[in-house]
Amino acid sequence: MLLACTPPAPDVVLVSLDTTRADVIDAETTPTLWALAARGARFTQAFAHAPTTLSSHASVWTGQDPHGHRVPRNGYPLPADLPVLPERIAAAGFDTIGVIGASALARPMGMDRGFRVWDERLSHKHEHRYEARAAEVTDRAIARLARRPSRTRAFLFVHYYDAHAPYDAPAPWTTRWSAPGYSGPFDGSRRAMTALADASRLDIAAPADIAEARARYRGEVSYIDAELGRLLATLENPYVVVFGDHGEALGDVAERAWGHGPDVDAPATHVPLIVVGPGVPAAVIDTPVALSDVGATVLRLAGVSGGLGAGRDLAPLWSEQRGEAWSDAPLYLEATQPREAEAAAAWNNLAMERAVVRGPWMLLRAPWLGQGPTLTRVSGGSNVSNGSNVSNVSNVSSASEVSDAAPAGLSAELDALLSAWDAAAPPWRDVRMSAETTEGLKALGYLE
Ligand SMILES: [Zn+2]
């Protein structure tokens, strides 16, 4: 009888929304996430350390930025000597289940360490991609949870990949946000994406085509949101942590206007982060945080002590008393392309675009373009609370403005921080990829 009266300990669900910008999340586009966020902690200034899938997930797994976990880009397996979140949570008695949506996180990358189940059936081979649709990911997650050993708490990781290009959500989401009567050439295919990127570079892209591309991207995110809703409806009041692994340029900048990889500005790195569950109050938090903080926070929710890497437990930011220690720290961001900019003498990404975020400020350098440093204000730019969405061209530019109101000396101070971060970078890393890994990454468009 006593057991029947004791509420079951909550499961922990970690959700990765691949390629999802912070400013695409709103009540209309993502009603599931919007409702979820309304009853938990919503971080309006969360950043990915890198605009690339594997490196970003490695930050969540290890609590480290790329210089700490040494995964410069896709195809470089997670070093085996680093402690990871799934192992820690498995050691605490959780049944660990991962269901992934793309080959960037496939088993040879080492991300399955600590999981009892790592479901990577990537049967969907559309336009030579290796991925699983959101509906498949949800179906598999539900089936795996149903078959878990009884009386165990689950740690479920789900990876929804659909927002990644090409933008081809299934009906009815395909053209859910398209302008009525659009009859231009943009059909969401990779070929159409390439044509649009070329036209954008020449500044001759038709506004109607740009709007259609954004609408189709938005449709993908709405599709994922519906699938996440279907998954969460099967669970009883779990802890849910949702993050975007990086953003996506949607015609924001004339150069490199679409996709992700070469940039660390807000469209590329400003991501959604939502934490919901028993004891987490409704709160909107504007403090800048990073994906390396997610692991320590998940462990805290799971009741596992000890933290993770350099990551910070985010709980003090939503706690009323703020009695617990919180340390503001600079966040470092680093792009992962183009590979030609790499110099084999030093850490792979040192010549790539890079940035430091502290307080409301981002200082950005683009060494391979010979640019920088540029100081921008990120607070008050693109965020989940301002209601902007990617359907509106004028709302998309975020944090692109150089501010005159910056305190004197701030630029030099942040520039020195960035230099110090670079000076402490690990040595150059090379890997010999298997033919299978190479093919999978090429199919996803990750290898130049
Ligand atoms: Zn990704």
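Residues being in a loop (DSSP other than H, G, I, E, B), under 14 Å from Y332 (Cα atoms) and either of a type in the set (K, R) or touching a helix residue (DSSP H, G or I) at 6+ places or on another chain (Cβ under 7 Å) (or both): count how many of those fall in the range 262-285. The total comes to 0. Could we say that H164 is outside any loop (DSSP other than H, G, I, E, B), within 14 Å of the ligand (Cβ to nearest atom) and in contact with a Ser or Thr (Cβ under 8 Å, 6 or more places away or on another chain) here? Taking the combined requirement at face value, the residue does not satisfy it. Residue pairs whose Cβ atoms lie under 8 Å apart, sitting 6 or more positions apart in sequence or on different chains, and linking a residue in the range 256-272 that is free of Cβ contacts under 8 Å to residues at least 60 places away in the same chain and over 15 Å from V356 (Cβ atoms) to a partner that is of a type outside the set (D, E) and not in a helix (DSSP H, G or I), are R256/A249; R256/P262.
Listed conditions (1) under 24 Å from A48 (Cβ atoms); (2) surrounded by 23 or more Cβ atoms within 10 Å (Cβ to Cβ); (3) charged (D, E, K, R) are all met by R190, apart from (2). Is there a residue in the range 106-119 that is within 16 Å of the ligand (Cβ to nearest atom), without any contact (Cβ under 8 Å) to a residue 60 or more places away in the chain, assigned to a loop (DSSP other than H, G, I, E, B) and under 26 Å from H270 (Cβ atoms)? Within the range 106-119, one or more residues are within 16 Å of the ligand (Cβ to nearest atom), without any contact (Cβ under 8 Å) to a residue 60 or more places away in the chain, assigned to a loop (DSSP other than H, G, I, E, B) and under 26 Å from H270 (Cβ atoms).
Residue-level check: of (1) small (G, A, S); (2) closer than 29 Å to V71 by Cα; (3) away from the ligand (no atom under 16 Å from the Cβ), S183 misses just (2). State whether the residues of the range 99-112 include one that is over 25 Å from P170 (Cα atoms), in contact with a strand residue (DSSP E or B) (Cβ under 7 Å, 6 or more places away or on another chain) and of a type outside the set (K, R). Scanning the range 99-112 turns up at least one residue that is over 25 Å from P170 (Cα atoms), in contact with a strand residue (DSSP E or B) (Cβ under 7 Å, 6 or more places away or on another chain) and of a type outside the set (K, R). Just to verify a result, which residue in the range 9-39, among those that are among the charged types (D, E, K, R) and touching a Gly at 6+ places or on another chain (Cβ under 8 Å), is nearest to the ligand (Cβ to nearest atom)? Once the filter is applied, the top-ranked residue is D18. Restricting the range 315-365 to residues that are in a loop (DSSP other than H, G, I, E, B) and charged (D, E, K, R), the residue that is nearest to V284 (Cα to Cα) is E320. I'd like to verify a number: residues in the range 232-261 that are within 14 Å of the ligand (Cβ to nearest atom) and in a loop (DSSP other than H, G, I, E, B), how many? Adding up the residues that qualify gives 6. Looking at R201, R218, just one residue is in contact (Cβ under 8 Å) with a residue 60 or more places away in the chain and either surrounded by 15 or more Cβ atoms within 10 Å (Cβ to Cβ) or over 30 Å from A37 (Cα atoms) (or both), and that residue is R218. Picking from residues in the range 40-79 that are assigned to a helix (DSSP H, G or I) and among the small types (G, A, S), the one that is nearest to the ligand (Cβ to nearest atom) is S56. If you go through the range 328-355 and pick out every residue that is without any contact (Cβ under 8 Å) to a residue 40 or more places away in the chain and within 13 Å of A290 (Cα to Cα), you end up with 1. Under the condition of being touching a helix residue (DSSP H, G or I) at 6+ places or on another chain (Cβ under 6 Å) and at pLDDT 95 or above, which residue from the range 286-297 is nearest to F94 (Cα to Cα)? Ranking the candidates gives G295 first.
So, E227, is that one more than 16 Å from the ligand (Cβ to nearest atom), closer than 23 Å to A48 by Cβ and not hydrophobic (A, V, I, L, M, F, W, C) or not? So E227 fits the description; yes. In the set (1) touching a helix residue (DSSP H, G or I) at 6+ places or on another chain (Cβ under 6 Å); (2) of a type outside the set (S, T, N, Q); (3) modelled with pLDDT of 95 or more; (4) within 16 Å of the ligand (Cβ to nearest atom), the condition left unmet by L122 is number (3). No other residue among A211, A195, A135, A179 is in contact with an Asp or Glu (Cβ under 8 Å, 6 or more places away or on another chain) and part of a helix (DSSP H, G or I) apart from A135.
The values are calculated or read from the model by the stated rules, or taken from the named source; none is laboratory data. None of the values given here were measured: they were computed from a predicted structure. Neighbour counts run over all protein chains shown; Cβ positions are idealised from the backbone, glycine included.
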